[in-house]
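Before any comments, here is the structure.
The values are calculated or read from the model by the stated rules, or taken from the named source; none is laboratory data. All values derive from a computational prediction rather than experimental measurement. Every residue, glycine as well, gets a Cβ built from its backbone with ideal geometry; the counts of neighbours run over all protein chains shown. Just so you know, the surface numbers come from the protein's heavy atoms only, side chains and all, with ligands and any DNA or RNA stripped out. Shrake-Rupley method; radii C 1.70, N 1.55, O 1.52, S 1.80 Å.
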Amino acid sequence: MEFEIQRNELDNKGYGLFENLIDEETLNSLKKIVDKNLEKNKDNSFFLTGENLEKDLSENTKLLDLIIQIFHFFSKKDGLKEFESRKIYKVLRVISKGKMYSNSYDFHFDAHHYTVLIPIYTPTSNEENYNGDLILMPNMRNKTNSIILNIIQKFFYQNKLTKVILKFLINKRIIKKSFKIKLKPGNAYVFNGFRSLHCNQVVKNGLKRATLLLHFYDLFENSKIINFNRQIRQSLENKNIKKNINT
């Protein structure tokens, strides 16, 4: 499969669109995974990664093989070293009943060079800014392997005051560098997650948003601090999931 067009789109637009990449059978398989976990969580918002998600995705080898091809093609083009040995970090993120606002405008950078976003369920509301659309600000920081600089940038961008200010500036269209991407199930979207500041808009109450996030080429792969932080985050989410199940 030819990925040159999407690679050029990444350079020119800030993201690459793989239109109709996900066939109906694969999309229905992903929907079943979401539905199963939503039922278990009593329709509450959650994210899932690690062994449980790996088990759920174990039958989607065709999709994962295709994503690996995309990551390897892009990595080779960008001259990344030893990319063949890197693994995909997978996250299933679902916004549903509860936390509709706290899960929105959560501006952040990824620790991985590339991110592929696969929409599974997308909300449809007549109200603008309530469809969970992706907000992307490409190339907001340079590539770095400095843990200290990465932590400083996280504190600067991922706090409540910055969240409020950026939300205001984006909705008033004052920040020209930001743009909104309306997600469509069946498509896949690739962007430079490490350099691009991104978040999603609000999901209206009563609707749901489910995405499979596939991250590749961790710039802090051997960092004990980063890996410890991920373990803590997943541990807290596991407790939250158990709480939902037992409520």
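Here are some notes:
- Extension gain from Ile68 to Ser223, taking 0.36 nm per residue of separation minus the Cα-Cα distance: 53.5 nm
- Dipole axis of the chain (+1 Lys, Arg; -1 Asp, Glu on Cβ), positive-most option in Asn229, Gln69, Asn192: Asn229
- Simple Cβ-charge dipole of region 39-179, Lys/Arg +1 and Asp/Glu -1, about Cα centre, in debye nearest 20: 640
- DSSP-defined antiparallel bridges as percent of all bridges, region 95-204, nearest 5: 90
- Cβ crowding within 10 Å averaged over residues, with 74-84, 212-222, 155-165 ranked highest first: 212-222, 74-84, 155-165
- Within the chain, percent of DSSP bridges classed antiparallel, to nearest 5: 95
- Around the amide H of Cys199, modelled in the peptide plane, lie the amide H atoms of Ile135, all under 5 Å away and 5 or more residues distant in sequence or on another chain.
- For the residue pairs Lys87/Lys160; Lys13/Lys163; Lys42/Lys163; Lys87/Lys167; Lys87/Lys204; Lys77/Lys172, the alpha carbons lie more than 26 Å apart in Lys87/Lys160; Lys42/Lys163; Lys87/Lys167; Lys87/Lys204; Lys77/Lys172.
- The chain - percent relative contact order, Cα under 8 Å, separation 6 or more: 35
- Heavy-atom accessible area per residue - region 1-64, 1.4 Å, Å²: 60
- Charged-residue dipole, Cβ positions (Lys, Arg, Asp, Glu), the chain about Cα centre, Debye nearest 20: 1220
- Each of Leu117, Tyr101, Leu136 was placed along the dipole of the chain (beta-carbon charges, centred on the mean Cα), and the one lying farthest toward the positive end is Tyr101.
- Structure-derived Rg and Dmax of the Cα atoms in Å - corresponding label in (i) 17.4, 50; (ii) 19.3, 63; (iii) 17.6, 54: (i)
- When the solvent-accessible area of the chain is split by element, carbon and sulfur atoms take up 52 percent of it, the probe being 1.4 Å.
- Each stretch of four or more DSSP H residues adds -39500 (n - 2.57); spread over every residue of the chain, this sum gives -12500 deg cm²/dmol at 222 nm.
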